[in-house]
1. Going by what's in this entry, would residue 40 be described as modelled with pLDDT of 95 or more and among the acidic types (Asp, Glu)?
2. Cβ-Cβ distance below 7 Å, separation of 6 or more or different chains: which pairs start in the range 91-117 with a residue that is basic (Lys, Arg) and end on one that is in a loop (DSSP other than H, G, I, E, B) and surrounded by 14 or more Cβ atoms within 10 Å (Cβ to Cβ)?
3. Restricting attention to the range 43-71, which residues are at pLDDT below 85 and more than 19 Å from residue 96 (Cβ to Cβ)?
4. Could you check the range 1-116 for helices (runs of 4 or more DSSP H) lying wholly inside it with 2 or more residues that are under 22 Å from residue 133 (Cα atoms)?
5. Quick check on residue 53: is it crowded, with 19+ Cβ neighbours inside 10 Å, more than 21 Å from residue 126 (Cα to Cα), touching a helix residue (DSSP H, G or I) at 6+ places or on another chain (Cβ under 6 Å) and not aromatic (Phe, Trp, Tyr)?
6. How many of the residues making up the range 107-133 are of a type in the set (A, V, I, L, M, F, W, C) and exposed (fewer than 13 other Cβ atoms within 10 Å of the Cβ)?
7. For residue 99, only one of the following conditions fails: (1) crowded, with 17+ Cβ neighbours inside 10 Å; (2) on the phi > 0 side of the Ramachandran plot. What is its number?
8. Provide a single number: the residues in the range 18-39 that are under 10 Å from the mean Cα position of the chain (by Cα) and without any contact (Cβ under 8 Å) to a residue 60 or more places away in the chain.
Amino acid sequence: MKPKPLILFDGVCNFCNGAVNFVIKRDKKAAIQFAPLQSEKGRLYLRQYNLPSAKFDTFVFIENDKVYVRSTAALRVCRYLGGLWPMMYGFIIVPRFIRDGIYNFIARNRYKWFGKKEYCMMPTPDVRARFVN
C-alpha cells in the first residue's frame, strides 16, 4: 500500500498552523497527513530523508517517497485541494529561484508577522487521525 502524502511543518509557527488548517479544510479526500517538524516522528522523517533537523524554516512535503521543500512543496500540495486550488500548480513554471525567493522572505518574517506558540498545536479530535504519531 502506497503511503499517503505527508506535510512536515513548524508546529510552533502560527502561520504554519494556519496553513495546515487551510489544507485540512480543503483536502476533502483527506489524502494528506501531517506531522510537526519538532515531533519525534517529524525528526525521524528528517533523518530518513537527510534533511537538516535544527532549523525549521520550511515545510516539507513527502509524496511517493520524494521530498519537496519551499515553494515546490506548497504548489504540489495545491494539487490535492478542492476548488480552483489545483490551478495554482501552474506556477511551477516560474523559475524556482524566484518562487523560493518569495517563500524565503515570508519564512524569515513569519514569527514577526504571525507570532509563534510555546508548544506544537494539538489537533482537534475530528482531524487527529490525519496526524502521524
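1. Values: modelled with pLDDT of 95 or more: no; among the acidic types (Asp, Glu): yes.
Considered against the rule, which asks whether it is modelled with pLDDT of 95 or more and among the acidic types (Asp, Glu), residue 40 comes out as no.
2. If the second residue must be in a loop (DSSP other than H, G, I, E, B) and surrounded by 14 or more Cβ atoms within 10 Å (Cβ to Cβ), the pairs left are 116/12; 117/12.
3. 53, 54, 55, 56
4. Numbers: elements: 14-26, 40-48, 70-78, 96-114.
It comes to 14-26, 40-48, 70-78.
5. Against the criterion (crowded, with 19+ Cβ neighbours inside 10 Å, more than 21 Å from residue 126 (Cα to Cα), touching a helix residue (DSSP H, G or I) at 6+ places or on another chain (Cβ under 6 Å) and not aromatic (Phe, Trp, Tyr)), residue 53 does not qualify.
6. Pass one, the range 107-133, residues of a type in the set (A, V, I, L, M, F, W, C): 107, 113-114, 120-122, 127, 129, 131-132.
If we keep only those that are exposed (fewer than 13 other Cβ atoms within 10 Å of the Cβ) too, we end up with 113, 122, 129.
The number of residues fulfilling the criteria is 3.
7. Evaluating residue 99 over (1) crowded, with 17+ Cβ neighbours inside 10 Å; (2) on the phi > 0 side of the Ramachandran plot leaves (2) as the failure.
8. The qualifying residues number 3.
The values are calculated or read from the model by the stated rules, or taken from the named source; none is laboratory data. These figures come from a predicted structure and were not determined experimentally. Every residue, glycine as well, gets a Cβ built from its backbone with ideal geometry; the counts of neighbours run over all protein chains shown.
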